[in-house]
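Heads up, the thing below is written out as structure tokens.
The values are calculated or read from the model by the stated rules, or taken from the named source; none is laboratory data. Everything quoted here is computed from the prediction, not taken from an experiment. Note: ideal-geometry Cβ built from the backbone for every residue, glycine included; neighbour counts use all protein chains shown.
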Amino acid sequence: MIAIAVLGHGTVGSGVLEVFNKNHESIIQKAGEDMEIRYVLDRRDFPDVPYHDKFVKDFDVILNDPEVRVVVEVLGGLNPAYDFVRRCLEAGKNVVTSNKELVAAKGAELLAIAREKNVNFLFEASVGGGIPILRPLSQCLSANQIVEIAGILNGTTNFILTKMFREGMAFADALALAQQLGYAERDPSADVEGGDACRKVCILASLAYGRHVNPEDVHTEGITHITAEDVRYADAWGGVIKLIGRVKKLEDGRLFAMVSPAFISRESQLATVDDVFNGILVRGDALGDVVFYGRGAGKLPTASAVVADVIDAVKHLKARKYIFWEPAKDGYVCDYLEVPAAMFVRIAARNRAEALRSVHGLLGSVTEVVAPGVENEAAFITPTLPEGEIARALQALQALDYTILSTIRVLDY
Ligand SMILES: NC(=O)C1=CN([C@@H]2O[C@H](COP(=O)(O)OP(=O)(O)OC[C@H]3O[C@@H](n4cnc5c(N)ncnc54)[C@H](OP(=O)(O)O)[C@@H]3O)[C@@H](O)[C@H]2O)C=CC1
Ligand SMILES: N[C@@H](CC=O)C(=O)O
């Protein structure tokens, strides 16, 4: 009998218990071993659940039980999750986690401990919720050089954008609904300011290219400044606005990585990814493009990925699954200002023709975008130029007394 402990009984933890109990027969059949969830650690009591007798408050009870071979960490946050996970791995226990903050910050170190102790450290649910993405990336696509990864990686912001711009819901109401549905992080600014998608980009980049990428090195913008006018312009241009996380290997071996809102053409495979769904495009040199699509957050979808990792860990108790990446290195992620981009720009302007003449003088030939009913401003898409050049031209425009109302990247996926 393999004993399992679950740290955290919130949205994901309670989902893990639900899926494990509901599908117990088929789960043990697939794992090839009998398994039980012996402990659930949480600071609260849950007297009404049928497994109320499994709750403990003292982590050492779990750490000191030699029959606990797999520990599921679904507490969230860095502390005490990092301390608990490190001590479990050092004690020779396998660990499964959905905690992207932990993996993005400490992945290289925890994978090194797992390798040294010959145990599994698995984190499929940390990217894309219930979507299988990390296992396909490290196994099914392993014959490819990964050219690029780009996608909608945060369910909460995609849900908010969909509710706001399809149903006219206010930002705060859409966020409150996402929180109620269990999609948002404990601190939802991580969702709306792009930090959660950034952590996922870091995990994808680390796994795809074999070296740890720190969130601090990835330029990150969220969705809080996106307005209804921006969406009207996107619509007039022929597209939608999505929060896109991306990473690409450059010819000189460095990486380019970024999280930002972007105009995406209606023809793009990512344009129709709505609500809590995520869509992740992986471009391999042999395969070409493959897109992974599904529910990116929520109790049962996330639990589905966590429990699958538990099964995988139990199947690989003797021969651990080989996942590893090198520690981070200074200068590995390039400055985003070096990289070419096309930018949608709105400026306040009473005289549109005059404003566009100034813009042409600074940026060359731009494409004007007109949104029906939006007045006293000019909007255009810049040519594809290094972002630093665009930024300097926009500064020069401000020096001519034009106010920049918004800048949104235009991407072609
Ligand atoms: N929700 C989702 O859709 C997804 C979440 N994730 C990740 O999974 C992890 C868990 O998320 P989620 O389930 O939503 O979070 P919740 O906040 O719903 O659950 C966390 C649970 O752990 C408890 N807890 C936290 N710290 C401690 C502690 N030190 N000691 C004892 N109990 C503790 C919390 O108690 P209390 O509430 O009293 O603080 C809560 O019951 C996070 O890393 C999240 O980013 C990943 C993919 C999807
Ligand atoms: N808050 C996250 C949860 C899943 O990772 C999201 O909304 O995507």
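Quick one: in segment 1-37, which of the residues that are part of a loop (DSSP other than H, G, I, E, B) and more than 18 Å from Arg186 (Cβ to Cβ) is nearest to ligand 1 (Cβ to nearest atom)? Checked segment 1-37; the qualifying residue nearest to ligand 1 (Cβ to nearest atom) is Asn23. Taken over segment 156-201, the residue count meeting the criterion of being among the polar types (S, T, N, Q), within 12 Å of ligand 1 (Cβ to nearest atom) and touching a residue at least 60 places away in the same chain (Cβ under 8 Å) is 1. Each residue in segment 365-409 was checked for being on the phi < 0 side of the Ramachandran plot and in a loop (DSSP other than H, G, I, E, B), and 14 of them qualify.
Among the residues of segment 140-155, the ones that are within 16 Å of ligand 1 (Cβ to nearest atom) and either within 18 Å of Tyr413 (Cα to Cα) or over 16 Å from the mean Cα position of the chain (by Cα) (or both) come to 4 in all.
Taking segment 57-173 as the region of interest, the strands (runs of 3 or more DSSP E) fully inside it that hold 1 or more residues being more than 27 Å from Thr224 (Cβ to Cβ) and not assigned by TED's automatic domain parsing to the domain that holds Lys248 are 68-73, 94-97.
Counting only strands (runs of 3 or more DSSP E) that sit wholly inside segment 219-324, those with at least 2 residues that are basic (Lys, Arg) are 239-249. Using the structure shown, decide if Glu18 is among the acidic types (Asp, Glu) and surrounded by fewer than 17 Cβ atoms within 10 Å (Cβ to Cβ). In short, yes. Candidates in segment 194-230 are the residues that are over 14 Å from Ala104 (Cα atoms), surrounded by fewer than 17 Cβ atoms within 10 Å (Cβ to Cβ) and not charged (D, E, K, R); of these, the one that is nearest to ligand 2 (Cβ to nearest atom) is Thr224. Only one of the numbered conditions (1) free of Cβ contacts under 8 Å to residues at least 60 places away in the same chain; (2) farther than 19 Å from Ile311 by Cβ; (3) acidic (Asp, Glu) is violated by Glu25, and that is (2). Any residue at all in segment 374-388 that is surrounded by 14 or more Cβ atoms within 10 Å (Cβ to Cβ), in contact with a helix residue (DSSP H, G or I) (Cβ under 6 Å, 6 or more places away or on another chain) and hydroxyl-bearing (Ser, Thr, Tyr)? Yes, some residue in segment 374-388 is surrounded by 14 or more Cβ atoms within 10 Å (Cβ to Cβ), in contact with a helix residue (DSSP H, G or I) (Cβ under 6 Å, 6 or more places away or on another chain) and hydroxyl-bearing (Ser, Thr, Tyr).
Residues checked against (1) away from ligand 1 (no atom under 16 Å from the Cβ); (2) in contact (Cβ under 8 Å) with a residue 60 or more places away in the chain; (3) in the same structural domain as Ser26 (by TED's automatic domain parsing); (4) crowded, with 24+ Cβ neighbours inside 10 Å:
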| residue | (1), (2), (3), (4) |
| --- | --- |
| Pro261 | yes, yes, no, yes |
| Leu270 | yes, yes, no, no |
| Asp289 | yes, no, no, no |
| Ser304 | no, yes, yes, no |
| Val310 | no, yes, yes, yes |
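Scanning segment 38-56 for residues that are in a loop (DSSP other than H, G, I, E, B), basic (Lys, Arg) and crowded, with 17+ Cβ neighbours inside 10 Å yields nothing. If the condition is being away from ligand 1 (no atom under 14 Å from the Cβ) and within 21 Å of Ala313 (Cα to Cα), then segment 38-62 contributes only Arg38. Take Gly32 and decide whether it is within 23 Å of Gly130 (Cβ to Cβ), assigned by TED's automatic domain parsing to the domain that holds Leu122 and out of contact with any Cys (no Cβ under 6 Å at 6 or more places or on another chain). Judged against the criteria, Gly32 is not a match. Residue count for segment 120-149, restricted to those that are surrounded by fewer than 24 Cβ atoms within 10 Å (Cβ to Cβ) and away from ligand 2 (no atom under 16 Å from the Cβ): 14. Residues in segment 96-119 that are within 13 Å of ligand 1 (Cβ to nearest atom) and crowded, with 24+ Cβ neighbours inside 10 Å: 8 in all. Cβ contacts < 6 Å: first residue over 11 Å from Trp325 (Cβ atoms), restricted to segment 99-111; second residue assigned to a loop (DSSP other than H, G, I, E, B) and within 12 Å of ligand 2 (Cβ to nearest atom), any location; separation 6+ or different chain. Result? That search, which allows pairs on different chains as well, returns Asn99/Gly76.
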